[in-house]
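Just so it is clear, none of the values below were taken in a lab; they were calculated from the coordinates. Note that the coordinates shown come from a computational prediction; the quantities given were computed from them, not determined experimentally. Backbone-built Cβ (ideal geometry, glycine too); neighbour counts: all protein chains shown.
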Amino acid sequence: MPKLSEDAITDRLDALSGWSRRGDALVKTFKLPGFPAAVAFVTHIGFLAEAAAHHPDIDIRYNKVTLTLSTHDAGGLTEKDFDLAAAADEVIG
């Protein structure tokens, strides 16, 4: 999958809520009601990521889950990153 242009990244990022760009990655921290909900969210993301063959970096801190998305083999951000970001947002509702 090809790396997105800077203009495409800006356009796609503007369409997402709460996501920010850190270099060649998208990052968002989700706050869940508690630790079990955070683990359930991560499990759901894990299944989505596996189905998409695109695996984020995940950090769990009690009720906060930070997802970091980047397409390493493309050397930056691709449609896969934005698709998984949107899917994560849908899980939360």
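Tabulated results
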{"quantity": "14 Å reach of a label modelled at Asp73, 7 Å along Cα-to-Cβ, counting backbone N of segment 41-59", "calculated": "50-56"}
{"quantity": "Partner lysines for Lys31 [C-alpha distance under 26 Å; skip if fewer than 8 residues away on the same chain]", "calculated": "Lys64, Lys80"}
{"quantity": "Computed magnitude of the charge dipole of the chain (debye, nearest 20; Cβ of K, R +1, Cβ of D, E -1)", "calculated": "440"}
{"quantity": "Percent breakdown of C-alpha pair distances by 10 Å bin, ordered from the shortest bin, for the chain", "calculated": "17, 52, 27, 4"}
{"quantity": "Net lengthening on full extension, Arg22/Ala53 (0.36 nm per residue, minus Cα-Cα)", "calculated": "9.0 nm"}
{"quantity": "Ellipticity estimate at 222 nm from DSSP helix runs (n ≥ 4, -39,500 (n - 2.57)) divided over the chain, nearest 500", "calculated": "-14000 deg cm²/dmol"}
{"quantity": "Simple spin-label estimate for Lys31 and Ala86 in nanometres, 7 Å along Cα-Cβ", "calculated": "2.7"}
{"quantity": "Extension gain (nm, one decimal) between Asn63 and Ala15, 0.36 nm per residue minus Cα-Cα", "calculated": "14.7 nm"}
